[in-house]
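S.K.: Can you read through this structure? Questions will come right after.
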Amino acid sequence: MSGVFAPLHLMDKTLTVTRSPGTTQDSGGYPADDAYANHLTNVPCAVRPSGGSEILSDGRFTGTESVTFYVEGGQDIVESDRLTYDSNTYEIIAPPTNHAAQGRLVRIVAERRKGNA
């Protein structure tokens, strides 16, 4: 058996997948924030915190929050996409597991920057 069947009844949250057309870049050569547009909306998911870090520097807390998202297979989600969940934007830091068949569970590890930097 390859992969795990998606427990759809546990996917009680939704996320939005945004994708950059790759044409507008910031000064670092990465897609500009405003270049991302909705690619998939209301994607059912399960969300599990998976770690993070915090640093106090110059009186300000900064850090990252890592989250693991689980979605049903068969979705067009790639590592360069961004995920929006609960009004926060997450960068995918590990490629989605390769269970493309619908009904299979796909794991996506993502993180967001947090703090008042």
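The values are calculated or read from the model by the stated rules, or taken from the named source; none is laboratory data. These numbers come from a predicted model, not from an experiment. As a convention, Cβ positions derive from the backbone with ideal geometry for all residues, glycine included, and neighbour counts pool all protein chains shown.
S.K.: List the pairs whose first member sits in region 51-77 and is closer than 16 Å to Ile93 by Cβ and of a type outside the set (A, V, I, L, M), whose second member is at pLDDT below 85 and buried (at least 18 other Cβ atoms within 10 Å of the Cβ), and whose Cβ atoms are under 6 Å apart, counting only residues at least 6 apart or on separate chains?
M.R.: Matching pairs, first to second residue: Tyr70/Leu105.
S.K.: Now a separate question. Any idea which residue in region 66-88 is surrounded by the most Cβ atoms within 10 Å (Cβ to Cβ), counting only those that are in a loop (DSSP other than H, G, I, E, B) and in contact with a strand residue (DSSP E or B) (Cβ under 6 Å, 6 or more places away or on another chain)?
M.R.: Ile77
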